[in-house]
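The structure under discussion appears below in the form of structure tokens.
The values are calculated or read from the model by the stated rules, or taken from the named source; none is laboratory data. Remember, predicted model here, so these are calculated numbers, not experimental data. Quick reminder, even Gly has a Cβ in these numbers, built from the backbone with ideal geometry, and neighbours come from all protein chains shown.
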Amino acid sequence: MNGARHAGERLMTWPGLSAGQGYCGTDPCLRAGTRDLVHFHGEHEADVHLTGAMIAKLRPALKNSTALRLRPGSGWVTVRLEAGADIDLLVTLVSAALQGAARLPDDAVDAASGHRTDPCSRARAHSYAP
């Protein structure tokens with residue numbers, strides 16, 4: 001099962017989401033307006049951008065999930081899409097991301113370094129590798 005494809009097809013039926021290419025080169029990416037909300041990385045992984053407040057609110061539930069990876073200081077949550085329940089979890093997180101999207105700043109870039117101030121896992125791995 002290609003979890004990313006199934007999740008993307010399900011989410012593309014939602015009003016307010018559009019497909020495009022993510023700033024990290026991910027295709028497809030789902031956006032709310034100009035904000036990247038979901039980056040699909042391969043067939044079984046997606047990053048969802050939440051607000052820090054939303055992550056803090058959901059942290060007790062999120063930290064117990066084996067399908068999720070949280071990074072300190074990041075608004076991106078990585079979801080492994082290996083089963084139908086993982087897709088359901090991603091859909092729930094995207095719903096939360098949409099609720100918080102109006103409070104997110106535009107995808108910001110640090111003027112001095114040219115790096116995104118809150119890169120997704122793929123951008124972080126490629127741009128911030130030691």
I need every pair where a residue in the stretch 67-95 that is in contact (Cβ under 8 Å) with a residue 24 or more places away in the chain and over 16 Å from Arg10 (Cβ atoms) has its Cβ under 9 Å from the Cβ of a residue that is part of a helix (DSSP H, G or I) and of a type in the set (Ser, Thr, Tyr), sequence separation at least 6 or different chains.
Arg69/Ser121; Arg71/Ser121; Ser74/Ser121; Trp76/Ser121; Thr78/Ser121
Answer yes or no as to whether Gly22 is touching a His at 6+ places or on another chain (Cβ under 7 Å), within 14 Å of Cys120 (Cβ to Cβ) and not polar (S, T, N, Q).
yes
Provide a single number: the residues in the stretch 50-66 that are touching a helix residue (DSSP H, G or I) at 6+ places or on another chain (Cβ under 6 Å) and either more than 19 Å from Thr26 (Cβ to Cβ) or touching a residue at least 60 places away in the same chain (Cβ under 8 Å) (or both).
2
Please verify whether Gly3 is closer than 16 Å to Ile87 by Cα, touching a residue at least 60 places away in the same chain (Cβ under 8 Å) and touching a helix residue (DSSP H, G or I) at 6+ places or on another chain (Cβ under 9 Å), treating the condition exactly as stated.
yes
Number of the exception - Glu45 against (1) over 23 Å from Gly84 (Cβ atoms); (2) acidic (Asp, Glu); (3) modelled with pLDDT of 85 or more
(1)
Any residue at all in the stretch 87-105 that's modelled with pLDDT under 85 and in contact with a helix residue (DSSP H, G or I) (Cβ under 6 Å, 6 or more places away or on another chain)?
yes
So which residues in the stretch 58-74 are part of a helix (DSSP H, G or I) and either surrounded by 15 or more Cβ atoms within 10 Å (Cβ to Cβ) or not charged (D, E, K, R) (or both)?
Leu58, Pro60, Ala61, Leu62
Out of all the residues in the stretch 15-38, which are surrounded by fewer than 18 Cβ atoms within 10 Å (Cβ to Cβ) and touching a residue at least 40 places away in the same chain (Cβ under 8 Å)?
Gly16, Tyr23, Gly25, Gly33, Thr34, Arg35
Quick one: in the stretch 39-57, of everything that is touching a strand residue (DSSP E or B) at 6+ places or on another chain (Cβ under 9 Å) and not in a strand (DSSP E or B), which residue is surrounded by the most Cβ atoms within 10 Å (Cβ to Cβ)?
Leu50
